[in-house]
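*Asks:* Quick one: the structure is below, questions incoming.
Each value in this text was obtained by applying a stated rule to the coordinates, not by laboratory testing. Keep in mind that what you see is a predicted model, and the values were worked out from it rather than measured. Here the Cβ positions follow ideal geometry from the backbone for every residue, glycine too, while neighbour counts run over all protein chains shown.
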Amino acid sequence: MSGAPERKITDLPALIEALQPQDRATAHRLFDVGATTGRLDPPQAMRAWIEKSFGSVNAVTEQRIVRVTNRVTLQGTLFNGLRASRPLEPGVSVDLEREIEATTGDPFCRPEEGTPADVFGRVRGEHAITASNVAKYDGFHGVVVFDDHNPLRLTPEKVSDYVSVGLEWCRKALEAAPQARYPFLMWNCLWRAGGSIIHGHAQVTATRGTHYPKVEHLRRAAAFYKAEHGSNYFDDLCRVHGSLGLAVPAEEGVRAFASLSPVKEKELVVVGRSPEDERLRRTVGALLQYYVRTLGVSAFNVAFYMPPLAPVDEDWSGFPTVVHLVDRGSPASRTSDIGAMELYAASVVASDPFRVADVLREATSGRPGFPASRHSRQTDGAASHSSGSAPFPP
Ligand SMILES: [Zn+2]
């Protein structure tokens, strides 16, 4: 970003203090932010290695760590400026392309012979067809098998179709079992993100009773927030991210941002009225395309949080469709990106959300569907208060 001073996640406390009073108050209402410095004393013998690995000894002897906790959801992240200084590597490696191509001819390449159908049959879209999952997570568990073997050959149009095929599958499941009201759509891209089959595919489930615990937790947290502050949690969340300059490009009527409390690397959150809205589905697809092409992501998870498809007892008013996108790191790495900290304490994240948002804005500036003027840093505040923050239907 030419001319603008570089913002860093480790400066978050000061960046929040510099906001307009109303935005600052909302930021404090949503986030607890604290900074600390970790210090160490390296022996002489280690200094050369430290300089080579981290640029300078000073960078390591004093490390600034920022801890962000979402007060509403109690999701939290620890950012370390030292880890965050590592460069972003764009592009998919030749080795990975080769490894993906080597598995061509798998059962998903001929789904009608290689996969079972659901009891209600299959849903066929323009770029995908459904199958019934052989070993199920839940009573209804389907696979959206992409026509493309290579999952990274994605486009906004293809992704929009994958999601729409998944939604149609959820409606068929509901017809077959009226209790299966709670839909969930997920995508584990490549082994590093939990995908057991390389061939491009997403998964859909329909559950009963209540929504999955993490989705229900978010519904309750947002309802509690509404009761306490009289304000829509999702509107306020988008507004805080927008006011800090963390909004990323999205189609009209859809809001997206690089999360201040990411579950793991480069997490993006996309908020829209309904998964039926093509603009929401296309925005997810476009951001995934930039993930792959510009941010160097190849293994990722996507999850759609959606309200139930039929009337239920609990109150889902004001709950939009919330889509999470997260980078799971290099498929070449043997070290898992999550450990005991992530499972039981808080996420430890290296990528700086400010850098992620800046890179995405720069890459998309002037592209069709993603007008640059609406998303430049200067107009973030305005965007989040006009087209960006239309209230959700009751
Ligand atoms: Zn295949």
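*Asks:* Antiparallel versus total DSSP beta bridges in the chain: what percent is that, nearest 5?
*Replies:* Details: 54 of 57 bridges.
Here the antiparallel bridges make up roughly 95 percent for the chain.
*Asks:* If you rank TRP187, TRP316, TRP49 by fewest surrounding Cβ atoms within 10 Å, what's the result? Intermediate values should be presented prior to the final figure.
*Replies:* Values: TRP187 28, TRP316 15, TRP49 10.
Lowest count first: TRP49, TRP316, TRP187.
*Asks:* Quick one: grab the alpha carbon gyration tensor of segment 301-360, order the square roots of its eigenvalues as a ≥ b ≥ c, and give me rounded if a/c is under 1.5, else prolate or oblate depending on whether a/b is larger than b/c. Write out the running numbers ahead of the final one.
*Replies:* Working: a/c = 2.52, a/b = 1.82, b/c = 1.38.
Taking the square roots of the gyration eigenvalues as a ≥ b ≥ c, segment 301-360 is prolate.
*Asks:* Sticking with this one: Multiplying the sequence separation of SER317 and PHE54 by 0.36 nm and subtracting their Cα-Cα distance, what value in nm do you get? All intermediate terms of the calculation are to be shown ahead of the outcome.
*Replies:* Details: separation 263, 0.36 × 263 = 94.68 nm, distance 4.89 nm.
Result for the pair: 89.8 nm of gain on full extension.
*Asks:* While we're on this one: What are the ³J(HN,Hα) couplings of segment 339-344, residue after residue, when phi is run through the Karplus curve with 6.51, -1.76, 1.60 and θ = phi - 60°? Round to Hz, x for glycine and proline.
*Replies:* Once rounded to whole Hz, the list reads x, 4, 4, 5, 6, 10.
*Asks:* Another question, if that's okay. Have a look at GLU251, GLU168, GLU51 and tell me which one the Gaussian network model of the chain (Cα, springs below 10 Å) gives the largest fluctuation.
*Replies:* GLU51
*Asks:* Next question, about the same structure. I need LEU78, LEU295, LEU280 ordered by Cβ neighbour count within 10 Å, fewest first.
*Replies:* Least crowded to most crowded, the residues run LEU78, LEU295, LEU280.
*Asks:* Report the label-to-label distance for ARG39 and ARG334 in nanometres (one decimal), using points 7 Å from each Cα along the Cα→Cβ vector.
*Replies:* Computed distance between label sites ARG39 and ARG334 equals 3.7 nm.
*Asks:* For the chain, what value does the Rg/Rh ratio take when both radii are computed over Cα atoms and Rh is the Kirkwood radius, given to two decimals?
*Replies:* Details: Rg = 21.4 Å, Rh = 22.1 Å.
That ratio is 0.97, to two decimals.
*Asks:* If the cut-off is 24 Å between C-alpha atoms, which lysines fall inside it for LYS8, apart from same-chain ones fewer than 8 positions away?
*Replies:* Straight-line reach from LYS8, under 24 Å: LYS52, LYS264, LYS266.
*Asks:* Pick out which of ASP337, ASP41, ASP138 has the largest mean-square fluctuation in a Gaussian network model of the chain, springs linking Cα atoms closer than 10 Å.
*Replies:* Greatest mean-square fluctuation among the candidates belongs to ASP41.
*Asks:* Out of ALA299, ALA310, ALA221, any idea which swings most in a Gaussian network model of the chain, alpha carbons joined below 10 Å?
*Replies:* ALA310
*Asks:* Below 8 Å between Cα atoms, with a sequence gap of 6+, how large is the relative contact order for segment 7-122 in percent?
*Replies:* Values: 102 pairs, mean separation 25.5, N = 116.
Averaging sequence separation for qualifying contacts and normalising by length gives 22 percent for segment 7-122.
*Asks:* To continue, here is another question. Tell me which aspartates and glutamates have Cα within less than 19 Å of LYS226's Cα, excluding those fewer than 8 residues away on the same chain?
*Replies:* Qualifying aspartates and glutamates at Cα under 19 Å: ASP23, ASP32, GLU216, ASP235, ASP236, ASP313, GLU314, ASP315.
*Asks:* Which whole-number percentage describes the relative contact order of segment 274-367, with Cα contacts under 8 Å and a sequence gap of 6 or more?
*Replies:* On the way: 68 pairs, mean separation 27.1, N = 94.
Relative contact order comes out at 29 percent.
*Asks:* Over all distinct alpha-carbon pairs, what is the Kirkwood Rh of segment 92-220 in angstrom? It would help to have the intermediate numbers written out before the result.
*Replies:* Numbers: mean 1/r = 0.0656 Å⁻¹.
The Cα-based Kirkwood calculation yields 15.2 Å.
*Asks:* Multiply the residue separation of ASP32 and TRP191 by 0.36 nm, subtract the distance between their alpha-carbon atoms, and state the gained length in nm to one decimal. Display every interim value, and only then the final one.
*Replies:* Details: separation 159, 0.36 × 159 = 57.24 nm, distance 3.43 nm.
Stretched out fully, the ASP32 to TRP191 stretch lengthens by 53.8 nm.
*Asks:* Could you list VAL215, VAL33, VAL144 in order of exposure, starting from the residue whose Cβ has the fewest other Cβ atoms within 10 Å? Could you put the intermediate results ahead of the total?
*Replies:* Numbers: VAL215 22, VAL33 19, VAL144 27.
If I rank by nearby Cβ atoms, fewest first, I get VAL33, VAL215, VAL144.
*Asks:* Follow-up question, since we're still on this one. Just flag the trypsin sites (Lys or Arg not before Pro) in segment 311-370 sitting in loop per DSSP whose Cβ has no more than 16 other Cβ atoms within 10 Å. Working shown, then result.
*Replies:* Working: sites: ARG328, ARG334, ARG355, ARG361; in loops: ARG328, ARG334.
Here the trypsin sites (Lys or Arg not before Pro) that fit, given the DSSP loop and packing criteria, are ARG334.
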